[in-house]
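S.K.: Take a look at the following structure, please.
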Amino acid sequence: NGDPLISSIQDFITGAYLLTNKDTFLTCYQFCLNSCSFLCDDDQNTILHTPIPAILKPNVLWTGKQVISCMIKPNPISIAKINIRTKGKSYTQDEELCHNDSCN
């Protein structure tokens, strides 16, 4: 009937799990394709620094975890582009100085 088998959130989680699985290795083409697919709009002029491959012999291969690392910080001078803000059970509405914050 055309309905999705799983929701989009589950797709993202499943994709991230499969990409970061310890047995996932990518060729240079696959690594670059995945790394560049995360870039959009203003990021298109960002210089990507390809990390040293995880495996050098018999074939040069990168891991999925290296793709995620490249997505978070594409080069040494860029800022990390991941942030999460969420409410906890003991949230006090004061985002900056919550006395229940675990970062004391």
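S.K.: Return the pair list, or none, for Cβ contacts closer than 7 Å from residues in the stretch 26-41 that are polar (S, T, N, Q) to residues that are part of a helix (DSSP H, G or I) and modelled with pLDDT under 90, at least 6 apart or on different chains.
M.R.: Pairs that qualify, where the first residue is polar (S, T, N, Q) and the partner is part of a helix (DSSP H, G or I) and modelled with pLDDT under 90, are 35/70; 35/71.
S.K.: Still on this model: Quick one: would you say residue 34 is modelled with pLDDT of 75 or more and closer than 15 Å to residue 71 by Cα?
M.R.: Against the criterion (modelled with pLDDT of 75 or more and closer than 15 Å to residue 71 by Cα), residue 34 qualifies.
S.K.: Can you tell me which residue within the stretch 39-84, out of those that are assigned to a loop (DSSP other than H, G, I, E, B) and small (Gly, Ala, Ser), is modelled with the lowest pLDDT?
M.R.: 80
S.K.: Taking the stated definitions as given, is residue 5 surrounded by 14 or more Cβ atoms within 10 Å (Cβ to Cβ), assigned to a loop (DSSP other than H, G, I, E, B), at pLDDT below 80 and not acidic (Asp, Glu)?
M.R.: No; evaluated as a whole, the condition is false for this residue.
S.K.: Considering only residues that are touching a Gly at 6+ places or on another chain (Cβ under 7 Å) and closer than 21 Å to residue 80 by Cα, which ones fall in the stretch 16-68?
M.R.: 19, 20, listed by residue number.
The values are calculated or read from the model by the stated rules, or taken from the named source; none is laboratory data. Predicted model only: the values in this text are computed from it and were never measured. In this analysis, Cβ positions are derived from the backbone assuming ideal geometry, glycine residues included, and neighbour counts consider all displayed protein chains.
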